[in-house]
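These notes are about the structure you will find just below.
Just so you know, all these numbers are worked out from the coordinates, no wet-lab data involved. Computed from a predicted structure; not experimentally measured. When we count neighbours, we look across all protein chains shown, and the Cβ atoms used for this are built from the backbone with ideal geometry, even at glycine.
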Amino acid sequence: MFSAPTVMASEAEQSSLAAPLAASRLRLALLGLGISVVPLDTSVNIAFPDITGSFGLPITMIQWVIICYVLTNAGPLLAFGRIGDLWGHARVFRTGLAWSIAAFVLCAAAPSFGWLLFFRFLQGIAAALIISCAPVLVTGLYPEAQRSRALGIFTLIFALGSATGPLIGGALVARWGWPAVFWFRAPIALTSLIFLRGLPSGAMPAGERRFDFAGALLLAIGLAALLLGLNAIARLLQGNYAGLLLLPAAAASFAAFVWWEGRAAQPIVRIELFRRASFTLINLSSVLMYLVTFAVMLFAPYFLREHTTLPVAAAGFVLASGFIAMAAFSPLAGFVVERLGAHRIAPLGGIAAGAGLFLVGFWRPDSAPAVMVATLALQGLGLALFQVAYIELVMAASPPAHRGVAGSLSMLTRTTGVVIAAALLTLVFHGVEAALHAAGAAPMPAFLDAYRAIFRGAGIVAILTGTLVGWSARRLARERCEAGL
């Protein structure tokens, strides 16, 4: 007689638990939808030939489509993360969604190349608003003890967007031309903006909000000068050294930023964190890891298109296999980081990513596609492990009131690594290729030898980077333990 009420109470309790869980999953899905408009920018790469053809431009001009976006994406990242800490992460994220909708429509409607570059500038700001607070918003949907699991989901979202961007972009460009790679993301952002509700604010009390405008300006100037200076490195082989003047300007701006942040009442970045060599080395390791892994996107497309007989669709799948593997293993990465610790998983990720890159250096024109996919999948697995562990290390070392800045920092190291790779790896590759030409090598063997050298070197650097971040993470944990943190 008394068992039925017990069962009914149990069912009612389960129902009360299921409702918040369903709502949380819906928020995560809508949040992921909004975040995805940033990694889906890989769809623009496939539209480069159509853009230059439509405006009657030489191929070299397409670099400005990238530069205008990256400069305004990277420059304000930390500042927007700090604004999220002060006024609310959800508010910054939703502002980014609204801004991105307008930017996507404007890019698609650009009447000239100059206007397209200006609208890409605006799109970069929108992307910075979105991703500056994205990591902390995703982790905010999970208990603190499950932060690593949440970071695995965040990495999954980014990897899926990066992998599907070129596939979606190719189909859209074939049907509607280059504007489609911009306008198709507007309804995605709009859906997230309209239906996403109930995110934790994270805002500080009104009396404690004080934004460091001087620090934000110095940091933005320093990053812009650094990225433009790095981009100019690729022109050194042509004897153009003017861009190198930007590097001292960047150094001066960063020095002024560090000096100012040490005196600001509410700094954007807590400089004392970087006085720990271990914390600085962890972030430099992330820059290095993204620098070497970007070699895949720089050089593998040329190998697949010009030195194999693979159809375009098959070559595209091979190229996307690293991102697909990264997406597939990201939830697992979050789980193992939670169980075993970021300081153990980060070096394993670096070693796996490095092994995959090193094996890419053994590709031959007659290599089986399955072999190519397997090596890139190994690299994608390693990068998933590394990224989740790295973001966990940065967030764990940062105070809760600076979690927005911590998430932004993880995105900034990624962008910086990619920009350096585009300049430095291209310079090294063409330098090796030119030296082989001078020694009498024909174009095809010279390309293949330079290709092998780049990837084998990148693999070794990634393995060493994994070792470095593992050592730094253990040292940082020991320092925090000794400090009672």
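Return the whole-Å distance between the Cα centroid of the stretch 408-451 and the Cα centroid of the stretch 257-287.
What the calculation gives is 30 Å, centre to centre.
Once the dipole of the chain is set up with Lys and Arg at +1 and Asp and Glu at -1 on Cβ about the Cα centre, which of Ala477, Thr139, Val65 lies farthest towards its positive end?
With unit charges placed on the Cβ atoms, the residue in question is Ala477.
Report, to the nearest 10°, how far helix 113-140 tilts away from the longest principal axis of the Cα atoms in the chain, using its own Cα long axis and a range of 0 to 90°.
Around 40 degrees separate the two axes.
Before rounding to the nearest 500, sum -39500 (n - 2.57) across all DSSP H runs of length at least 4 in the chain and divide by the residue total; then give [θ] at 222 nm in deg cm²/dmol. List each step's numbers first, then the result.
Values: 19 runs with 380 residues, N = 485.
Mean residue ellipticity at 222 nm (helix-derived): -27000 deg cm²/dmol.
Can you compute the charge dipole magnitude of the chain about its Cα centre, using +1 on each Lys and Arg Cβ and -1 on each Asp and Glu Cβ, nothing else charged? Give it in debye, rounded to the nearest 20. Write out the running numbers ahead of the final one.
On the way: 30 positive and 18 negative charges, 104 e Å.
Magnitude of the dipole: close to 500 debye.
Residue by residue, what Karplus-based ³J(HN,Hα) values in Hz, rounded to whole numbers, does the stretch 42-49 have, using 6.51, -1.76 and 1.60 with θ = phi - 60° and x for Gly and Pro?
4, 5, 5, 4, 6, 8, 4, x
Assuming a ≥ b ≥ c are the square roots of the Cα gyration tensor eigenvalues, decide whether the stretch 63-110 counts as rounded (a/c under 1.5), prolate (otherwise, with a/b larger than b/c) or oblate. Don't skip to the end; give the middle numbers.
Numbers: a/c = 5.18, a/b = 1.50, b/c = 3.46.
Oblate.
Roughly what angle does helix 403-438 make with the longest principal axis of the chain, taking Cα atoms, 0 to 90 degrees, to the nearest 10?
Relative to the chain, helix 403-438 is tipped by roughly 10 degrees.
Just name one of Ala74, Met326, Met395: the one whose Cα is farthest towards the positive end of the charge dipole of the chain (beta-carbon charges, Lys/Arg +1, Asp/Glu -1).
Final value for the positive-end residue is Met395.
Mind checking Rg over Rh on the stretch 270-485, alpha carbons, Kirkwood formula for Rh? Working shown, then result.
Working: Rg = 18.5 Å, Rh = 18.0 Å.
Rg divided by Rh gives 1.03.
Which FRET efficiency, nearest 0.05, do Glu306 and Val428 yield, Cβ-Cβ r, R0 30 Å?
Numbers: r = 19 Å, r/R0 = 0.65.
Efficiency at R0 = 30 Å is approximately 0.95.
How far, in degrees from 0 to 90, does helix 369-397 lean away from the longest principal axis of the Cα atoms of the chain, to the nearest 10?
Between the helix axis and the principal axis of the chain, the angle is about 50 degrees.
Starting from the Cα gyration tensor of the chain, take the square roots of the eigenvalues, sort them a ≥ b ≥ c, and report rounded, prolate or oblate (rounded when a/c is under 1.5, otherwise prolate if a/b is larger than b/c, else oblate). Walk me through the numbers on the way to the answer.
Details: a/c = 1.41, a/b = 1.34, b/c = 1.05.
Since a/c stays below 1.5, the shape of the chain is classed as rounded.
Would the stretch 350-439 count as rounded, prolate or oblate if I go by the C-alpha gyration tensor, calling it rounded below 1.5 in a/c and otherwise prolate when a/b exceeds b/c, oblate otherwise?
Numbers: a/c = 4.06, a/b = 1.69, b/c = 2.40.
Cα axes put the stretch 350-439 in the oblate bin.
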